[in-house]
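Take a look at the structure below.
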Amino acid sequence: MRRSSLSLSLHRLLSVVLTLVSLACSPEETRTSLLSLMAFSGAAAVFISYCTAWTVRTTSSTTFSMVGALNKLPVAASGILFFGDPANFSNVCSILVGFMAGLVYAASRSVKPAVAKQGVPVELGKR
C-alpha cells in the first residue's frame, strides 16, 4: 500500500505538469475540445473501475478473471477470419481449447448452485 501511495503522488504531479504543458502548446481553438476529451476519458475510467468492482462483488474474482481471459478469444478468431492471420493447427486448436475451457467453467459454476440447493452436504478435504 505504501509503495502505491508513493507512486500515486508522483503520477498526479506528472499528470498536472504534462497537462499544463500540452495545453500551453496547443492552439486556442483546440483547447476546449482537448479538455472535454480529457474529462470524458477520466469519467470513462472511473465508470470502468466502478463496473469492475461491481462485477467482482456480484460474481467472484475468478469469474471476472475468466471473462477477461475469454474476451481475447473472439479477437483471436477475428484476426484469423478478417485480417489474414495464418489459420494453422496450433492457432485454431488454442482458440478451441480456450472456448472449451470457458464452457467447462460455465458448466461447473452452474452445477455448484444446483448441488447447494439440494441440501447435499459437501465435505472437503476428506479422503
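What follows is calculated from the coordinates using simple rules that are stated; it is not laboratory data. Source: prediction; values computed, not measured. When we count neighbours, we look across all protein chains shown, and the Cβ atoms used for this are built from the backbone with ideal geometry, even at glycine.
For residue 78, what is the net charge nearby, where nearby means another residue's Cβ is under 13 Å from its Cβ and Lys, Arg count +1, Asp, Glu -1?
Working: positive: 72; negative: 85.
In short, 0.
Rounded to the nearest 0.05, what FRET efficiency do residue 21 and residue 47 give with R0 = 30 Å and r taken as the Cβ-Cβ distance? Could you check? Don't skip to the end; give the middle numbers.
Values: r = 27 Å, r/R0 = 0.91.
Given R0 = 30 Å and the Cβ-Cβ separation, E is 0.65.
Each of residue 106 and residue 38 was given a label point 7 Å from its Cα along the Cα-to-Cβ line. The distance between the two points is 4.3 nm. With K and R counted +1 and D and E -1, the other residues having a Cβ less than 12 Å from that of residue 19 yield a net charge of +2. For segment 60-118, rounded, prolate or oblate, judged on the Cα gyration tensor with a ≥ b ≥ c (square roots of eigenvalues), a/c < 1.5 rounded, else prolate if a/b > b/c? Because a/c hits 1.5 or more and a/b exceeds b/c, segment 60-118 counts as prolate.
For segment 9-86, rounded, prolate or oblate, judged on the Cα gyration tensor with a ≥ b ≥ c (square roots of eigenvalues), a/c < 1.5 rounded, else prolate if a/b > b/c? It comes out oblate by the Cα gyration axes.
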